[in-house]
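The values are calculated or read from the model by the stated rules, or taken from the named source; none is laboratory data. Because the structure is a prediction, the values reported are computed rather than measured. Counting neighbours? That spans all protein chains shown, and the Cβs are built from the backbone with ideal geometry, glycine included. The protein model used for the area step is the full one, side chains on, heavy atoms only, and it has no ligands, DNA or RNA in it. Shrake-Rupley method; radii C 1.70, N 1.55, O 1.52, S 1.80 Å.
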Amino acid sequence: MSGFPGSPRTLRGAVVAVDSSGPLSRLVVFQYNPDQIVRTLRPRGPAPAHQVSAADAHRLWGAPVETISLTVSVDATDQLEHGDPMAALSGVAPQLAALEMLLYPGTATVVENAAMLLAGTIEILPMESPLTLLIWGPGRAVPIRIESLSITEQAFSPELFPTLASVQMSAQILSYNDLSVSDPGHALFLVHQVMKETMALAAGAAAAVTVAGGAAGV
């Protein structure tokens, strides 16, 4: 947030896992917004069984596969200066735990599955993760699958809780190609694509006006 009077309030990004069993444990609002987000898009290829031919040269197989990476910093310095009891007790460990819990199944589910195994259940399906969203302002709220978290703890309290850390997160954005039609993320990605199409049309219209104005001035 800028310190200049009258400057607009900067929104903070977040990662949210929509989990009714533990909503607060899977809500991560960035303490500081990342300085940059690196996005990589590559065309989606056909299914492995499909034999690609010359007729497929201009074919689109769906939304591109998009991956993102960003680095989030967490720092307990301000909280410690203001006497925050949680920061004094455990530094930034709670914030790191909230990020890490995005990759963990719920304990209740683990215990339930273990009980089913002990009861002789032959097959137990892998546990499903909740719908996870990257929210980066009102113009970008997309379903993601976190691929990795690389955590660097840089300073520690006398009790060895981290007080300063950075987390490098890599994730894949999930499109309608990755989700079932009944999944809420399917519709959410469609909204995301419609917003992109609208902005692309606006950019094209602005470019056409610029070209037309330049031609008229020649």
Dipole of the chain (Lys/Arg Cβ +1, Asp/Glu Cβ -1, origin at the Cα centre): which of Ser90, Ser170, Trp136 lies farthest to the positive side?
-> Trp136
Leaving out ligands, DNA and RNA but keeping every protein chain, what accessible area does Trp136 have, in Å² rounded to the nearest 10, with a 1.4 Å probe?
-> 70 Å²
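What FRET efficiency do you get for Ala155 and Thr109 if R0 is 35 Å and r is their Cβ-Cβ distance, rounded to the nearest 0.05? Intermediate results must be reported in sequence, preceding the final value.
Numbers: r = 35 Å, r/R0 = 0.99.
Calculated transfer efficiency: 0.50.
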Nearest 20 debye, what's the magnitude of the dipole of the stretch 41-183 about its Cα centre given +1 on Lys and Arg Cβ and -1 on Asp and Glu Cβ?
-> 680 debye
Positive-end residue, the chain charge dipole about Cα centroid, Cβ charges, pick of Leu149, Asn113, Val38 | Val38
Could you please put Phe156, Phe189 in sequence from largest to smallest accessible area, using a 1.4 Å probe?
-> Phe156, Phe189
Mind telling me which of Ser129, Ser182, Ser53 comes out most flexible in a GNM of the chain, alpha-carbon contacts under 10 Å?
-> Ser53
Which percent of the Cα-Cα distances in the stretch 116-173 go past 17 Å?
-> 65 percent
Please work out how much accessible surface Glu112 shows to a 1.4 Å probe, ignoring ligands, DNA and RNA, in Å² rounded to 10.
-> 110 Å²
Tell me which label goes with the value of Cα Rg over 2.2 N^0.38 Å computed from the coordinates here: (i) 0.92; (ii) 1.33; (iii) 1.03.
-> (ii)
Determine the shape class of the stretch 157-218: with a ≥ b ≥ c the square roots of the Cα gyration tensor eigenvalues, call it rounded for a/c under 1.5, and otherwise prolate if a/b is greater than b/c, oblate otherwise.
-> oblate
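Per the 1.4 Å probe, what fraction of the accessible area of the chain, in percent, lies on carbon and sulfur atoms?
Numbers: 8920 of 14240 Å².
About 63 percent, which is the carbon plus sulfur part of the accessible surface.
With a ≥ b ≥ c taken as the square roots of the eigenvalues of the C-alpha gyration tensor of the stretch 66-165, please select rounded if a/c is under 1.5 and otherwise prolate if a/b is larger than b/c or oblate if it is not? Present the calculation step by step, with values, prior to reporting the outcome.
On the way: a/c = 2.82, a/b = 1.49, b/c = 1.90.
Because a/c hits 1.5 or more and a/b fails to exceed b/c, the stretch 66-165 counts as oblate.
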If the chain between Ser180 and Ala208 were fully extended at 0.36 nm per residue, the gain over the current Cα-Cα distance would be 6.2 nm
Selected from Val194, Val72, Val52 as most flexible by GNM, with the chain as the system and alpha-carbon contacts under 10 Å | Val52
Alpha-carbon centroids, the stretch 71-93 and the stretch 154-218: separation in whole Å | 30 Å
Just the accessible area per residue of the stretch 29-168, please: how many Å² with a 1.4 Å probe?
-> 65 Å²
Per DSSP H run of n ≥ 4, the term is -39500 (n - 2.57); total these for the chain, divide by its residue number, and report the mean residue ellipticity at 222 nm rounded to 500 deg cm²/dmol.
-> -9500 deg cm²/dmol
Using a 1.4 Å probe on heavy atoms of the protein chains only, the accessible area for Val191 in Å², nearest 10, reads 80 Å²
